[in-house]
Amino acid sequence: MPAAPGVAIRGPRSLLRQIREAMAGARPAQAKLDMVVRIIAVSMVAEVCSLYLSRKSGEMELFATEGLDPGAVHVTRMKPGEGLVGEIMRLGRPLNLSDAPSHPAFSYRPETGEDPFHSFLGAPLLRGGRVIGVLVVQNRTSRVYAEDEVEDLQIIAMVLAETVAAGQVLDPAELKDVEIAPQRSERLKGQRLADGLALGVAVLHEAPVAVSRLLSDDPQAEEARLATAIVELQAQIDEMLEGHQTVLGPSYDLLEIYKMLAHSRSWNHSLVEAVRSGLTAEAAVERVRSEHRAGIGQARDPYLRERVHDLEDLNDRLLRHLAGDGGKSRLLPENAILIARSLGPADLLEYDRTKLRGVLLEEGSPASHAAIVARALEIPCVGRLDALRDRVSEGDPVIVDAESGEAYLRPRPDVVTALQTRMSVRAQRRAEFARLRDTPAFTRDGAKITLLMNAGLAVDLEILADTGAEGIGLFRTEFQFMVSEDLPRFNAQTSLYTRVLEAAGERPVTFRTLDLGGDKVLPYLEAEREDNPALGWRAIRMGLDRPALLRLQLRALIAAAKGRPLRIMFPLVANVDEFRAARALVDHEMAWAQRRGRPPPSRLDVGAMIEAPALVWHLDALLPMTDFVSVGTNDLMQYMFAADRGNPRVADRYDPLSPPALRALKAIQQACAETGTPVSVCGEMAGRPLEAFALVALGFEGLSMPPAGVGPVKQMVLSCDREAARRGVEALLKGAQGAVRNEMETLARKLYVAV
């Protein structure tokens, strides 16, 4: 005799055990489902229990019911968003109603015979943050189900989601049209971060350990395991903040948020409560994960939505601690495509680059650290792919099209064939670039263009000779600091700079001093939070305010030269006083080395990066102080157009191939020509053939770029008549009202320039 309506029979562990036994029998699949909903109805003292599963079409189909007309099973289908079931699917959270027919989303389906039922409680079957089904209980009387009843149904729904997905309820043949995981081919449009094409299988960044055991036989033991894993996780996060863990991201604030969430009482309480309800520690993590995805992910506040990413990382780390491999690195398949929401530079460097074919990100920008490292490693990368992690599963075939900024998930055979053809053509082009590797970069009318390579990683040195670059025009010294557990000491810095100079041989190397601050804040360097970090305490400003830090680096550079030429360049110089002060530190360290009898560089050149627009109007004072200058177009353009290059909402609000940008660059080139100051361009602009064509036309003779850009830009230079290009660009700028990208491309093709 069932209990009176409104009184739930507690003891979810007993209920879950009954469900597990029902699913383990040798009965047909439909009989199993019928028994499961019957057990739930009795346990929940419900007159109706129904299970809906999602089809590939997006419809929710009634798969089993106790209390409704059995003839409606596999007949009743709710369209996406239709009825209360569709409302639960849309919201991704439970719906608790005392009078279901009065709800605006209620949809009457006469074949089910549900006329007399008023009370309604439904919970989503969540898997990977996606709703794959809905579990519903109903009663005739009008009442609101109690909180413990809602919690019970959520636990049951979670167990059903995992068992259905694992094929424990339905045979694979019966599941072929059930949308357990994304199966359809999808094409996602994003943003190109690092050029290239790749075909491989999806590998989720720090993918969670697979949860194979859901129900616990010993809740106390599971709670103890959970407590131990949480303590280990909290200790790991604390060590990150203390600088004793490899830097996992470019933002110190992010690590502080990790710590706050890892020590959060509410997160810990949710996990403990889930374990006490009868779940294993791993299943408890998955349940809390799904609740966060479905709940916070619906928030309008972007800050709250971003916290889902932080919680995802914590959940994944906690699962690995539970599995006993919290500190182990992952093995990659031979053709891995890394899938992540975001990456820091250290994250990408931890993977085996010989097996990593490409990277797909939900976030990221061309100027992000992950993008810079991906370009340095020549790994195709596409970012800004909305909801990527929820659309792809581990092992899915994936295409990275970083030429067009697209990703193909589970691509059709014809798409794969087309990609392989493009990859073959691309390989032929690379072979052509390789053939031109040792060919000097002269224009058709005899102008010599010096092509240099940007670098910042030890692995860059291995490919310097293969690129055909004549040297390193920009070595980013901060990468050593960003991937180190502690502040690199004198010997470590000297060793790196020595290896760079030795690898370059007779080729010139320009070392940029530390460009830290802004979004590149290190856990072991104290820094205050800034409202506008791109315009804040960074680069040369930090170096001048922390002279010991800058002097240590200058001392290491001088020591590494050992009689070789040395070129030092200061970033983000905004006024001549900053350069004067920085150069004085160089002179001080040179004198220090000479007093101790250490061999000085055979030649010392000190330069500045032109990134602050103010310098464009003060070159007459700056240039006489410098031995050379380099134009950092990345920052110069974002400051000129007041548009954050790292913000996808505004990063495309300007085009460097527009009159203001090109006129500013022309003014810099002319001022340098008049004073005889060597000048180069080392921003991203220099590595793209069309933009490089414009730079050559403006008179620039030195271009420094990512390694992958050297071949295409050299091919452009060899096909270019600089004087004809100069005349054409001057004509374009005279009457231009807006961006001239299309006109520039037309001009290049008219002049038979390979862009």
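Residue pairs whose Cβ atoms lie under 7 Å apart, separated by 6 or more positions or on different chains, with the first residue in region 72-89 and hydroxyl-bearing (S, T, Y) and the second surrounded by fewer than 16 Cβ atoms within 10 Å (Cβ to Cβ), are T76/E111.
For A227, the stated conditions hold: it is at pLDDT 60 or above and among the small types (G, A, S).
Residues in region 700-721 that are part of a helix (DSSP H, G or I), closer than 15 Å to N454 by Cα and among the hydrophobic types (A, V, I, L, M, F, W, C): A708, V710, V713. Just checking, which of L153, L97 is free of Cβ contacts under 8 Å to residues at least 60 places away in the same chain and among the aliphatic types (A, V, I, L, M)? Just one listed residue meets the conditions, L97. Quick check: is even one residue across region 722-730 assigned to a loop (DSSP other than H, G, I, E, B) and either hydrophobic (A, V, I, L, M, F, W, C) or more than 26 Å from F628 (Cα to Cα) (or both)? Looking for residues that are assigned to a loop (DSSP other than H, G, I, E, B) and either hydrophobic (A, V, I, L, M, F, W, C) or more than 26 Å from F628 (Cα to Cα) (or both), one finds none in region 722-730, hence no. In the set (1) modelled with pLDDT of 95 or more; (2) surrounded by fewer than 16 Cβ atoms within 10 Å (Cβ to Cβ), the condition left unmet by F628 is number (2). A single entry from L51, L16, L62 fulfils the requirement of being at pLDDT below 90, of a type in the set (A, V, I, L, M) and not assigned by TED's automatic domain parsing to the domain that holds V275: L16.
Residues that are crowded, with 20+ Cβ neighbours inside 10 Å, within 27 Å of D386 (Cβ to Cβ) and of a type outside the set (F, W, Y) were ranked within region 256-287; the one that is modelled with the highest pLDDT is V285. On the stretch given as region 558-570, residues that are surrounded by fewer than 24 Cβ atoms within 10 Å (Cβ to Cβ) and assigned to a helix (DSSP H, G or I) total 2. For region 397-407, the tally of residues that are over 15 Å from the mean Cα position of the chain (by Cα) and either outside the structural domain of L361 (by TED's automatic domain parsing) or surrounded by fewer than 21 Cβ atoms within 10 Å (Cβ to Cβ) (or both) stands at 3.
Which of the residues belonging to region 731-753 are closer than 18 Å to F700 by Cα and either touching a residue at least 60 places away in the same chain (Cβ under 8 Å) or part of a loop (DSSP other than H, G, I, E, B) (or both)? The answer is L733, M744, V753. One residue stands out among those in region 97-115 that are part of a loop (DSSP other than H, G, I, E, B) and of a type in the set (G, A, S): the one that is farthest from Y52 (Cα to Cα), which is S98.
Does G735 count as buried (at least 24 other Cβ atoms within 10 Å of the Cβ), at pLDDT below 95, farther than 14 Å from P656 by Cβ and not β-branched (V, I, T)? Considered against the rule, which asks whether it is buried (at least 24 other Cβ atoms within 10 Å of the Cβ), at pLDDT below 95, farther than 14 Å from P656 by Cβ and not β-branched (V, I, T), G735 comes out as no. Exactly one residue among A100, A105, A123 is within 26 Å of V285 (Cβ to Cβ) and modelled with pLDDT of 85 or more, and that residue is A123.
Applying the criterion of being modelled with pLDDT of 95 or more and not polar (S, T, N, Q) to the residues of region 675-685, the residue that is nearest to Q638 (Cα to Cα) is V681. Scanning region 315-339 for residues that are modelled with pLDDT of 90 or more and crowded, with 18+ Cβ neighbours inside 10 Å returns A336, I337, L338, I339. Of the residues making up region 107-122, those that are surrounded by 15 or more Cβ atoms within 10 Å (Cβ to Cβ) and over 16 Å from E59 (Cα atoms) are T112, G113, E114, F117, H118, S119, F120, L121, G122.
Of all positions in region 577-595, at least one carries a residue that is in contact (Cβ under 8 Å) with a residue 12 or more places away in the chain, among the β-branched types (V, I, T) and either in contact with a Phe, Trp or Tyr (Cβ under 8 Å, 6 or more places away or on another chain) or over 30 Å from L747 (Cα atoms) (or both). Mind checking which residues of region 652-685 are surrounded by fewer than 19 Cβ atoms within 10 Å (Cβ to Cβ), farther than 14 Å from V696 by Cα and among the charged types (D, E, K, R)? Answer for region 652-685, where residues must be surrounded by fewer than 19 Cβ atoms within 10 Å (Cβ to Cβ), farther than 14 Å from V696 by Cα and among the charged types (D, E, K, R): D652, R653, D655, E674. Among the acidic types (D, E) and touching a residue at least 12 places away in the same chain (Cβ under 8 Å), is that true of D635? So D635 passes the test.
The values are calculated or read from the model by the stated rules, or taken from the named source; none is laboratory data. Treat the numbers as computed from the prediction; the structure is a model and nothing was measured. Ideal geometry is used to build each Cβ from the backbone, glycine not excepted, and the neighbour counts take in all protein chains shown.
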